[in-house]
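Accompanying notes for the structure given below.
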Amino acid sequence: MEEAVPSSFPEKARREPRHAGDRPRCHSGVPQPPSHNCPHHRNQRAGGVANMWSVTTVSKAFRVLLLLMLVAGGILTFHYSYDNKYLVRLQNATLRLVSQGFTQHQGVADGSGQSLPSWREVVCKHRQDKTHEGKKTPTLKQLFRDAIPEENRNIFLMDTACNPTPKFRVWCSVESWARQNPERQVWFLLTSDRIEDNTGLSSTLLHQYANLQVVTADLDDMFRDTPLLLLFNERKWTKTWPVELLSDMLRVLVLWWWGGVYSDTDVISVRTLTLPNNSLGFEHSNSLGSAFYSFQARHPALYQLMRDMHKYFKPKQWGSIGPIAITRVMEKICGEKTKMLIHRAPVTCPGNVTLFPQRTFYPMLYSQFEYYFLPGNGNKFNETFSRSFALHFWNKMSKNHWVKVNSNSVYEVAAKRFCPTTYLFATAESDVF
């Protein structure tokens, strides 16, 4: 059965920008500069230091009260189900207040003395001491603040490792989605706030593909007002595989806010995506894959998935908020185990979510990844992948396997056809990449 999304969740992802504070308003309500004609300013001068002390005291007391409310909400939630709408509404309201007035500004200072968000300190930790001398683009636009995707026409890819210089294979994936799907907006989301164009590839791709944008995001914006906020703030995800776990969460959030398609950056698009809006693929007989998601914005299945991720997260279990989570949620929605559903794939479950067979997005098992890199296997590319929309190259296992020029491997054939610009840059000065 579908689960209704709480009415407190916004229908539009656009938000009003936050301001440090509004000027006092007098008479007509228009912001006024300080003057003796404004009663507010006369009272403000009369108060002096006493008023400042009073405001500070009230502010501290208010923050303590909010923290106590959060703790109380956590205790109540421990004893009662999330299905109690009153408790959910109370807890969400408390979290919004605390995140806006308290936790939002926690972080460490960078070299300029400015405060950095704590999440950036985690994912960028191994890059803080590195200096880069390559050509830098200006600071990237931020989702929510500077760029608002159009609902349900998007393809999202991301690099959560705070990497300003994505590898050629990553750019190959990005280019393939932009090239094969010109009617959709392709968003390459980085946790780094800048990108280094050492080879000129990124600027070339941005010029070549009008539907491609490279952006960053403030994760406080992304997680706010979602069921993943508690998991994000608890910071257990920072203890084991922070880059991968952050990616597991963010891929669900971008679809929740804006809808469309999410793809890992070790996936190459080999055919224009013409599948239904809400689609998933079997990775193997016992599991759905999480390298490809397709959902409309604020789909109830995404809401259930976010709640499941928070409830069953296990920091030391690989995939606990990835394939394991989406498989568990869809088995509940479909009312059957995946090992039964896969025999009828493609099969459509309640909520109009279609589960596609393994060949659609994961034609080779992770244990068969070497097939993609063996010389000569590309000779039967059309025959082998005639019913596939994308190829998943299993970067965790294959990252040390080189793609050799003129080897006619599956990867080389795919790169030449579907990311030709990246292939030219990658092989300009090397016979492997």
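The values are calculated or read from the model by the stated rules, or taken from the named source; none is laboratory data. Small disclaimer: the values here were computed from a predicted structure and weren't measured. Note that each Cβ is placed from the backbone with ideal geometry, even for glycine, and that neighbours are counted across all protein chains shown. Quick note on the areas: whole protein, heavy atoms, side chains included, nothing else; ligands and nucleic acids left out. Shrake-Rupley method; radii C 1.70, N 1.55, O 1.52, S 1.80 Å.
On the beta carbon distance between Arg235 and Lys141, with R0 = 35 Å, the FRET formula returns roughly 0.80. Residue by residue, region 159-167 carries 3J(HN,Hα) couplings of 10, 8, 8, 6, 9, x, 10, x, 6 Hz when phi is fed to the Karplus relation 6.51 cos²θ - 1.76 cosθ + 1.60 (θ = phi - 60°); x denotes Gly or Pro. Taking the empirical scaling 2.2 N^0.38 Å for compact globular proteins as reference, region 206-284 has a Cα radius of gyration ratio of 1.30. Residue ranges 353-362, 140-149 sort as 353-362, 140-149 when ordered by packing (mean number of other C-beta atoms within 10 Å per residue, highest first). Excluding ligands, DNA and RNA, the accessible surface per residue across region 172-236 is 32 Å² with a 1.4 Å probe. Our coupling estimate for region 284-301, obtained by passing each phi through the Karplus curve with A = 6.51, B = -1.76, C = 1.60 and θ = phi - 60°, is 7, 5, 10, 7, 7, x, 10, 7, 9, 10, 9, 8, 6, 4, 6, 5, x, 5 Hz, Gly and Pro reported as x. Averaged over all directions, how much area does the convex hull of the C-alpha atoms of region 192-238 cover when projected, in nm²? Over every viewing direction, the Cα hull of region 192-238 projects on average to 4.9 nm². Only protein atoms count toward the accessible area here, which uses a 1.4 Å probe; on region 335-433, the carbon and sulfur part of that area reaches 51 percent. Less than 5 angstrom separates the built amide H of Asp159 from those of Leu189, Leu190, Thr191, all sequence-distant by 5 or more or on a different chain.
For region 377-433, the alpha carbon positions stretch 34, 24, 18 Å along the principal axes, listed from largest to smallest. In order along region 205-211, phi translates into HN-Hα couplings of 5, 5, 6, 6, 10, 5, 8 Hz, rounded to whole numbers, per the Karplus curve 6.51 cos²θ - 1.76 cosθ + 1.60 with θ = phi - 60° and x for Gly and Pro. Annotation: extensible slack from Asp225 through Tyr371 equals 48.2 nm (criterion: 0.36 nm per residue apart, minus Cα-Cα distance). Other residues whose C-beta falls under 10 angstrom from the C-beta of Asp308 contribute a net charge of +4, scoring Lys and Arg +1 and Asp and Glu -1. Loop-located chymotrypsin sites (Phe, Trp or Tyr not before Pro) across region 306-360 with a Cβ neighbour count of 15 or fewer within 10 Å are Trp318, with loop assigned by DSSP. Close amide H contacts of Lys141 (hydrogens built in the peptide plane, cut-off under 5 Å, sequence separation of 5 or more or a different chain): Thr216. Take region 360-433 with all the other protein chains still there, run a 1.4 Å probe, and you get 52 Å² of accessible area per residue.
For region 234-302, the carbon plus sulfur part of the accessible surface works out to 44%, probe radius 1.4 Å. The residues of region 258-327 expose, per residue, 30 Å² of accessible area to a 1.4 Å probe. What's the center-to-center distance, using Cα atoms, between region 143-203 and region 219-234 in Å? Cα centres, region 143-203 to region 219-234: 22 Å.
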